[in-house]
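The values are calculated or read from the model by the stated rules, or taken from the named source; none is laboratory data. Because the structure is a prediction, the values reported are computed rather than measured. Ideal geometry is used to build each Cβ from the backbone, glycine not excepted, and the neighbour counts take in all protein chains shown. All accessible areas refer to the heavy atoms of the entire protein, side chains included, with ligands and DNA or RNA removed. Shrake-Rupley method; radii C 1.70, N 1.55, O 1.52, S 1.80 Å.
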Amino acid sequence: RTKLSELRDYTAGHRAFRALLNEIAMLMTYEVTRDWPTVPKPVQTPLERMTGHALARTVTLVPILRAGLGMTDGVLRILPDARLGHLGLRRNEQTLQPEPYYNKLPPDVAETEVLLIDPMLATGGSAVAGITFLKEAGVRSMKFMCLVAAPEGIQALHQVHPEVPVYTASIDRQLNDRGYILPGLGDAGDRIFGT
Ligand code: PRP
Ligand code: URA
């Protein structure tokens, strides 16, 4: 909450914003991955053999472009072996509908544990479209992780994809009439990239 408050502050420049966003993403990854299944893995220590643990499935991290890129390094600090898929979705400022413009996923993404990331869940349109796309690619196990969520977005997501767990650092009050989250943090992409 303290880091999120610093990040919401309109005086935070893109350097501070990026650092804080990645720090929070890293801390959240601990919670998000808490229940991922593991399998036994033999380990030879310098003293003897033992049975350790390894993740049961490989991990694919999928940031929704652009703003999801702002969380990627933080998540990779905890999951350095993850592969990266990319999903380009641009929200039309008039209709508030997501418009896809790019995608690239690992070929065996369907067999992996997928973590879809985007700092903002506003109307939910982008997250719904992202999850639909991943399901069409055959993904069976995924979670969605964001930083700030509007109640409207959570509801929309649960309505279309009720089985996909949503992790957020904050549930904010509401959307304004332009689809921005209140109190929110403004336009995440612009604040990350200084645009
Ligand atoms: C922002 C944000 C989400 C989306 C959330 O991205 O990063 O992807 O809006 O809004 P929604 O829940 O109403 O769909 P935007 O489309 O502005 O693109 P950007 O990341 O390139 O700034
Ligand atoms: N996208 C953002 O970046 N911020 C919002 O408040 C809503 C959508």
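Filtering the stretch 167-190 to residues that are open to solvent by 40 Å² or more (accessible area, probe 1.4 Å), assigned to a strand (DSSP E or B) and among the hydrophobic types (A, V, I, L, M, F, W, C) leaves Ile171, Leu182.
When you scan the stretch 143-162, do you find a residue that is buried (at least 22 other Cβ atoms within 10 Å of the Cβ) and more than 14 Å from ligand 1 (Cβ to nearest atom), even just one? No: zero hits. Screening Lys135 on (1) out of contact with any helix residue (DSSP H, G or I) (no Cβ under 8 Å at 6 or more places or on another chain); (2) open to solvent by less than 20 Å² (accessible area, probe 1.4 Å) shows it passes everything except condition (2). Note on the stretch 82-104: among residues that are charged (D, E, K, R) and under 17 Å from Leu134 (Cβ atoms), the one that is most open to solvent (accessible area, probe 1.4 Å) is Lys104.
Of the residues Pro37, Pro42, which single one is within 20 Å of the chain's Cα centre (by Cα), under 26 Å from Val114 (Cα atoms) and open to solvent by less than 100 Å² (accessible area, probe 1.4 Å)? Step by step, each of Pro37, Pro42 is checked, and only Pro37 is within 20 Å of the chain's Cα centre (by Cα), under 26 Å from Val114 (Cα atoms) and open to solvent by less than 100 Å² (accessible area, probe 1.4 Å).
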